[in-house]
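The values are calculated or read from the model by the stated rules, or taken from the named source; none is laboratory data. Everything quoted here is computed from the prediction, not taken from an experiment. Counting neighbours? That spans all protein chains shown, and the Cβs are built from the backbone with ideal geometry, glycine included. To get the accessible areas, we keep the full protein, side chains included, count just its heavy atoms, and leave off ligands, DNA and RNA. Shrake-Rupley method; radii C 1.70, N 1.55, O 1.52, S 1.80 Å.
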Amino acid sequence: MCGIVGFTGNSPAVPILIKGLYRLEYRGYDSAGVAAFTKEGLEVVKSRGRIANLEEKIKEIGGMNATCGIGHTRWATHGEPSDRNSHPHLGGRGKVAVVHNGIIENYMELRQQLEAHGYEFQSETDTETVAHLVDYLHDGSNHSLAMTVLKAVGMLRGSYALGVVSMDDPEEIVAARRDNPLVIGIGEGENMIASDVTAIISRTRKYIILDDGEVAVVRPDSVVVMNAFGDIVEKKIQEVTWDLSAAEKGGYEHFMIKEIMEQPAAVTNTIHPRVKDGKINFEDSGLTDERLKNAKHVHIIGCGSALHAGMVGRSVIESLCRVRSTASIASEFRYENPIIRPDDICIVISQSGETADTLAAMRLAKQAGAYTVAVVNVVSSTIAREADGVLYLWAGPEIAVATTKAYSAQLAALYLFAVKMANVRGTITEEQEKAYCETLYTIPEKISEMLAGKEKMQYLASRYANRSSVFFLGRGLDYAAAMEASLKLKEISYIHSEAYAAGELKHGTISLIEQGTLVVALATQPALYEKTISNIREVVSRGAEVILITGADFDCDASCCSHVIKLPEIRQEMSASLSIIPLQLLSYYVAVERNCDVDKPRNLAKSVTVE
Ligand code: F6R
């Protein structure tokens, strides 16, 4: 999604803005731009494509000498990616510039009204409406820019994070937010605004989180935050706890492989602080024993990989706790009038903690009286702050668009939840809880064992990278893991892939299997080995080549498979933590082999803050 950065201070602003934009690249974008106060006035440079194109354009005009400005990476929603549609957008008389993340739903209505007042639009975007609206409201008024922005946002429907500058005061940035993240970096004699802390961390570790409805006035030596009534509000200054190196590649070719290799540490960070003497402690999440005991239904919601982690969690929770559990796509859940009762628990899974659909689904569940628990990585993100309780993953910043370590940490958090709930509800004993905790402690080292086999996955990737279609099969938990493996492959390598419940394939899709089709089969559940092997035989006899991922105690004849990868021994409920590792590696190496932009796949955004 779009990224916003702004700087005001005494240092050259444009290099700081560009550096910030590079840090926000991972969010996904198709164009970039900056507006800064130079001796020419309020100067805007923008370009379609990579930030490097923008830098080139700035070089061509001889640089931009300024100490205050705003920058933006755009992920197109209204209007194609183009120079014209890129941000910042200027308001009518070129005195106001605006960067925006989100969607203004009533922009057409406002646009017509502004056109009637003589405003001419240069772009197809909803954002230009905001620029003209601020210009219109500000023109001739004796209100400050902040009060004008406050008035303007009151007329907007939809979601926004905004950065606004005006020629009236070339040291000031006004920021506003509703349903889109925005932080204010607090420095020494300089301050910043940004979509997330990665863009400010090279200048300062201190930041304020802007809340919905708030407007901030950011100047080199002060930050003043107002609520929707214009009253000044006191904000808590927070500090980034992770190191800058965590957001850098550290010698790896891509963030994705770095993050794949970081999984043992990420999972350890999720599990260890919550397990003591064989008991799981959820003090930090507000999940009391009473709540866990009384819940009649555990709803799990998320999007993409977070949903896939939820599918694994759903199955483990149901089988260990014998309580009804469902995993729902957040964007469906919010519109299907779900049955939610006050005793229900709703687990909301999100790496970024900002995904618009997940946030909306969580609000719905909360309103219906469910206890909402956020399983989130980004500390103080909107979902984490709005949920009743939080289980932070503490996996460290995840930069690659395709999630790996956050997914693994999400699985770990869900296992903790399932084991804890099972013990509280009496479906497992204290001894069994202890035994599960021992297994949980072994997951990181077993993931390391799987990672040590990366050369084999690299070899398989080189062999199969030219396929145009791949199928992933599994039953039960393996089906959930197959969904995630399939998503990983398609999103970064652009190979068409589908995940199927192994028994379902013959009800239609098997017609797509032909000579040489690659099928990746997962069979890690002993009770289902034979069934899955039968399904594998069905595809092999139609010409498929099969890579089988299976458990340590697999005892069927796998001679029909082209390659067999065995997992270290693990309780079957937790096999997804291991089976996904070779398949993340396979996807990564296939994408590298195909020369794809691994960390920033086309059309994708890291943090999906629009519906
Ligand atoms: C895929 C991927 C996405 C995210 C999804 C939810 O690799 O990363 O499918 O899982 O967009 O994002 P979060 O977890 O931030 O809510």
Report summary line: Nearest 10, in degrees from 0 to 90: the angle of helix 13-24 to the longest Cα principal axis of the chain is 20 degrees
Query raised in the report: Can you pull the accessible area of Thr382 for me, 1.4 Å probe, Å² to the nearest 10?
Result: 0 Å²
**Report entry** Relative contact order [Cα under 8 Å, 6+ residues apart], the chain, whole percent
**Finding:** 12 percent
Query raised in the report: Going down the table (Lys19/Lys39; Lys57/Lys258; Lys420/Lys531; Lys236/Lys420; Lys206/Lys366), which pairs top 26 Å between alpha carbons?
Result: Lys57/Lys258; Lys420/Lys531; Lys236/Lys420; Lys206/Lys366
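Nearest 500 deg cm²/dmol is fine: what mean residue ellipticity at 222 nm does the chain get from its DSSP H runs of n ≥ 4 alone, each adding -39,500 (n - 2.57), divided by its residue count? The partial results should precede the final answer.
Numbers: 18 runs with 215 residues, N = 611.
Taking each H run of at least 4 residues, the total per residue is -11000 deg cm²/dmol.
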Requested in this report: Arrange the residues Cys303, Cys321 by how much accessible surface each exposes, largest first, with a 1.4 angstrom probe.
Outcome: Cys303, Cys321
Query raised in the report: To the nearest 10 degrees, how steeply does helix 304-321 sit against the main Cα axis of the chain, on a 0 to 90 scale?
Result: 40 degrees
**Report entry** Exposure of His496 as accessible area (Å², to 10), given a probe of 1.4 Å and all protein chains
**Finding:** 80 Å²
Query raised in the report: Can you put Ile549, Ile339 in order of accessible area, largest first, using a 1.4 Å probe?
Result: Ile339, Ile549
Report task. Output the antiparallel fraction of DSSP beta bridges having both residues in the range 248-451, as a percent to the nearest 5. Result -> 10 percent
Requested in this report: Pop out the carbon and sulfur fraction of the accessible area of the chain as a percent, whole number, probe 1.4 Å.
Outcome: 48 percent
Query raised in the report: Taking Cα centroids, how far is the range 72-113 from the range 563-611 in Å?
Result: 35 Å
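Got the relative contact order for the range 117-276 handy, in percent, Cα pairs under 8 Å and 6 or more residues apart?
Normalised by residue count, the contact order of the range 117-276 is 15 percent.
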Report summary line: Taking a probe of 1.4 Å and leaving out DNA, RNA and ligands, the chain shows per residue an accessible area in Å² of 38 Å²
Requested in this report: Any chance you could look up the accessible area of Arg324 with a 1.4 Å probe, heavy atoms only, rounded to 10 Å²?
Outcome: 140 Å²
Query - Protein-only accessible surface order, largest first, of Glu545, Glu234 at 1.4 Å - result: Glu234, Glu545
**Report entry** Packing rank of 432-438, 405-411, where each peptide gets the mean count of other beta carbons within 10 Å, highest leading
**Finding:** 405-411, 432-438
Query - Residue-by-residue Karplus 3J(HN,Hα) for the range 520-525, coefficients 6.51, -1.76, 1.60, Hz, glycine and proline x - result: 9, 10, 10, 9, 10, 10
Query raised in the report: What angle, in degrees between 0 and 90 and rounded to the nearest 10, separates the Cα long axis of helix 430-451 from the longest principal axis of the Cα atoms of the chain?
Result: 70 degrees
**Report entry** In the range 12-87, trypsin sites (Lys or Arg not before Pro) in a DSSP loop with at most 14 other beta-carbon atoms within 10 Å
**Finding:** Lys39
Report task. Take every Cα pair under 8 Å in the range 453-597 that's 6+ residues apart, average their separations, divide by the length, and report that relative contact order as a whole percent. Result -> 31 percent
